[in-house]
Amino acid sequence: MRRFVLASFALTALAACQPAGTELTEEQEAAITDTIIAITDEALAALSALDVDRANAIYGRDFAYANNGVIQTDWVSIEAQDRALYGSLQSASGTWGEKHVRVLGHDAAVAVMAFSASFTDTTGVQTDMEGAVTYVFALLDVGWKIISAHVSELSPETP
């Protein structure tokens, strides 16, 4: 009997912890997807404008970043690296390829996207790259922000 009471209590507690009405309508899911796409498009527009403040505005300050095996979570360091990068560029541009957005709920989504980018530094050296990025989005008090990103770049030898 004691086990039954404990099990019933545990199941009741679990049921009580589930959010009510978490189902998204197709319209809500489409609106969130459109927002996510707009934010990723803003990232490329900020890059092309070489506007580091505008580019960094799309990220949450509790941001985790992984790029080719290196993980960074210190926003101050990430922002300093971005400022150094943008300051070393004469021009930059990028395009999104294939895009996949998965809405996880009212306040979370994931986007997996192919990209290509071209950077020309202040000495005139151009670097082209292609790869894929995974962004995790959360709806924070300040709006939708990227809270985690994973980038993998194709090496020149990769077909």
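Values quoted throughout were computed directly from the atomic coordinates according to the rules given, and no laboratory measurement underlies them. Since the structure is predicted, the reported quantities are computational estimates derived from the model, not experimental observations. Cβ atoms come from the backbone with ideal geometry, glycine included; neighbour counts cover every protein chain shown.
With a 10 Å radius around each residue's Cβ, average the other Cβ atoms per peptide and rank 123-136, 106-119, highest first. Kindly include the intermediate steps, with their values, before the conclusion.
Values: 123-136: 13.8, 106-119: 16.4.
The peptides rank, most packed first, as 106-119, 123-136.
Computed 3J(HN,Hα) for the range 94-101, one whole-Hz value per residue from the Karplus formula 6.51 cos²θ - 1.76 cosθ + 1.60 where θ = phi - 60°, is x, 9, 8, x, 4, 10, 10, 10, glycine and proline marked x.
The spacing between the range 105-159 and the range 60-74, judged by their C-alpha centroids, is 12 Å. With no solvent and one equal point scatterer placed on each C-alpha of the range 40-159, evaluate the Debye formula and give log10 I(q)/I(0) for q = 0.11, 0.18 Å⁻¹, two decimals. Results for the range 40-159 at q = 0.11, 0.18 Å⁻¹ read -0.37, -1.04.
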